[in-house]
Amino acid sequence: SHLDQEKQHAARAAVQWVRDGMLVGLGTGSTAAHFITQLGEKVRAGELRIQGTATSLASENLARQVGIPLVEPRRGLRFDLTVDGADELDPQLNLIKGGGGALLREKIIATASDYMLVVADSSKAVAQLGKFPLPLEVVPFALPWVLDAVADLGGNPVLRINRQDPSKQAHSDQGNLLVDCHFGQLNDVEKLAGQLIVIPGIVEHGLFLGIAKAALVVRHDQIEVIRP
Ligand code: DER
């Protein structure tokens, strides 16, 4: 599809940002998967010596398949560059992430990185966040109260089901539940982030504020570099 071509284009551009010897955070989702695959080609060709840590078990499996050496989490580990997708990004490079259910590890790795680079097809850039529902990772025991608290904030929470088996709930790599919140256009993302993170049982939310340093966004088949 043309959208997948865009994802491949953004991923290819991001591979150029990787330097020999880097520790690289490996994102999750279809765009990040293209990045991991193309990065693996350069590693196997001996063009790049890098190591990485993945933001999901799915990306970890892919990284292994394509030959990217992985490092386990350890004290003091920081990444020179993390490349990851987004569900939405605004001109300030605030992001909504979590469509792939990996928002917790994505935020952990992005926060442990000196530079987070977003890769996005043309559908992701918006003037204001909020058309895409905001994902939350939630501890199962807390679910009813979290749903009440999010509803009280006007978030219209929906428990995510497993797309392969709709009779089951979706789970994160940590075994927690995923809840998608429909707040509508978000006028004050900092305020909302602060309201969500204090709700007991919400492990993490999908608002990435002030984390990404740049985004490579495909627009009219060109790569646009967005820096806030
Ligand atoms: O779940 C995530 O945060 C992913 O990065 C997602 O936002 C991007 O997915 P895509 O690259 O498949 O569109």
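The values are calculated or read from the model by the stated rules, or taken from the named source; none is laboratory data. Since this is a predicted model, take the numbers as computed values, not measurements. Here Cβ is always computed from backbone atoms with ideal geometry, including for glycine, and neighbour counts include all displayed protein chains. Calculation scope for accessible area: heavy atoms of the full protein, side chains included, ligands and nucleic acids excluded. Shrake-Rupley method; radii C 1.70, N 1.55, O 1.52, S 1.80 Å.
Below, the figures for the structure above:
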| item | result |
| --- | --- |
| Trp17 long-range amide H proximity, modeled H, under 5 Å | none |
| Unit charges at the beta carbon, dipole of the stretch 1-143: most positive-side option, Leu103, Leu57, Gly29 | Leu57 |
| Positive-end extreme of charge dipole, the chain - chosen from Pro69, Ala151, Val119 (charges on Cβ) | Pro69 |
| Reachable lysines, given that their alpha-carbon falls under 22 Å from the alpha-carbon of Lys191 and they are not under 8 places away in the same chain | Lys97, Lys107, Lys131, Lys213 |
| With 10 Å bins from 0: P(r) over the chain, alpha-carbon pairs, percent | 8, 34, 36, 19, 3, 0 |
| Helix runs (DSSP H) in the chain reaching 18 Å along axis by Cα, Kyte-Doolittle at least -0.5 | 30-44 |
| Debye, to nearest 20: dipole size of the stretch 22-87, +1 on Lys, Arg Cβ, -1 on Asp, Glu Cβ | 280 debye |
| Under 5 Å, built H, 5+ apart or other chain: amide partners of Ala212 | none |
| Arg219 long-range amide H proximity, modeled H, under 5 Å | Glu224 |
| Karplus (6.51, -1.76, 1.60) ³J(HN,Hα), θ = phi - 60°, over the stretch 69-79, in Hz, Gly and Pro reported as x | x, 10, 10, 7, x, 8, 4, x, 6, 10, 9 |
| Beta bridges per DSSP with both ends in the stretch 24-167, % antiparallel, nearest 5 | 15 percent |
| Accessible area of the chain divided out per residue, in Å², using a probe of 1.4 angstrom | 47 Å² |
| Rg in Å to one decimal, and Dmax rounded to a whole Å, for the stretch 142-189 via C-alpha atoms | 12.1, 36 |
| Prolate/oblate/rounded label for the stretch 59-111 (Cα gyration tensor, a/c 1.5) | prolate |
| For the stretch 153-162, Karplus couplings with θ = phi - 60° (6.51, -1.76, 1.60), whole Hz, Gly/Pro x | 7, x, x, 6, x, 10, 6, 6, 9, 6 |
| Percent RCO, i.e. relative contact order, over the chain, from Cα pairs under 8 Å lying at least 6 residues apart | 22 percent |
| Accessible area of the chain belonging to carbon and sulfur atoms, whole % at 1.4 Å probe | 52 percent |
